[in-house]
Amino acid sequence: MASSPSCSFSNARGPPKCLSRDDYIDLRNSQDKLLNAEFTSIHQSIRRLEAKTDRLESKTDRLEAEMRQLHAHSRNSALRNPTLPIRPVVVYHTERGILEPEPSHFPRNANEFYCLRDPPSDRHRSMLAYLAVFYDVQLRTAEHPSDEGNSDDEVFLDRPDLIVERLEGILGLHEHKFVKFRERARQLASRITPKPIKRSQIMLPDETSLPDSRRPRLELRPISARDKPRYNGAPDSTSSENLTNARLEWGTRSTPSAQRHRIRYASDERADVSRPRKPETKRPKAFSEESESETTDSDSQTRAFTSPREP
């Protein structure tokens, strides 16, 4: 089969160059190889970037797991009350990431945790086996090789005290703190603290023989003008009761009217005093001199407390 020629056009002026079919196929194959090489390099760079991203994610997860472990470890190490809850410590797995224990298989407090040394029930035995597997507690030694016939529960339950000791270090618990707390609580419970006595229950030793020391309560009532005591003339008795209950009031007069001194006036002078004075009018000089002489004579006669002047 003859190959049909193929023509290629160039920018230069001239007749087009024709390629045979075989030359065209070889040209396309070489171009495909170059494209495949470029795509391969791109795929490799993407894979390297993905691997780097995975390493960063795993490193971040590992750091997060360490931080959470440190936080739970510090909180558990500060526990002193055995009834307070225990913080679960997470575990980092390379393939599965950060793992947390199941709440149903994790002890609620220190009392339940230390109870696993001698598991009282099947639930506690399964809890001990789960914790040993979850935290990867290795107790198999030369004396206890791993046999295919023995299950994990049987191997771990041989020495439950060692399992609890290993888990105590992983969780960050300190048993001596709980022991001191129990002793302290026992000492406080043994002390009998008396109840506080109320003020109304305080009794003096000879209270029955003593009179009532409370001050009598005074009755308050309004006092009218009729109820005020009138002045009696005779002085009251100066007793201690009167002095303490004395009242200060303003009287109408300081001295009786019978003992007051009065000035006696003549009848004419009293009349002059009672009458209002009229305004004086201008009089002649002669008439005024005569009136003055008359008034001097009348004044010398009517005034009781004055004496006439000697010439």
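Worth pointing out:
- Residue within region 102-111 that is touching a residue at least 60 places away in the same chain (Cβ under 8 Å), touching a helix residue (DSSP H, G or I) at 6+ places or on another chain (Cβ under 8 Å) and either at negative phi or of a type in the set (Lys, Arg) (or both) present: yes
- Screening the candidates ARG87, ARG75 for the property of being assigned to a loop (DSSP other than H, G, I, E, B), closer than 30 Å to LYS180 by Cα and either more than 37 Å from the chain's Cα centre (by Cα) or among the charged types (D, E, K, R) (or both) yields one hit, ARG87.
- Some residue of region 33-52 being among the small types (Gly, Ala, Ser), within 60 Å of the chain's Cα centre (by Cα), modelled with pLDDT of 90 or more and not in a loop (DSSP other than H, G, I, E, B): yes
- For region 1-20, the set of residues classified as outside any strand (DSSP E or B), touching a strand residue (DSSP E or B) at 6+ places or on another chain (Cβ under 9 Å) and either hydroxyl-bearing (Ser, Thr, Tyr) or at pLDDT 85 or above (or both) consists of SER10, SER20, listed by residue number.
- Meets criteria (without any contact (Cβ under 8 Å) to a residue 12 or more places away in the chain, more than 20 Å from HIS93 (Cα to Cα), in a helix (DSSP H, G or I) and out of contact with any Phe, Trp or Tyr (no Cβ under 9 Å at 6 or more places or on another chain)) for THR60: no
- Residues in region 101-122 that are in a helix (DSSP H, G or I) and more than 43 Å from the chain's Cα centre (by Cα): 1 in all.
- Selection within region 138-169: residues that are at pLDDT 80 or above and crowded, with 19+ Cβ neighbours inside 10 Å. The member of this set that is farthest from SER74 (Cα to Cα) is ILE163.
- Qualifying residue in region 104-113 (condition: at pLDDT below 90 and acidic (Asp, Glu)): no
The values are calculated or read from the model by the stated rules, or taken from the named source; none is laboratory data. Just so you know, these numbers come straight off a predicted model, no measurement behind them. Glycine gets a Cβ as well: all are built from the backbone with ideal geometry, and neighbour counts include every protein chain shown.
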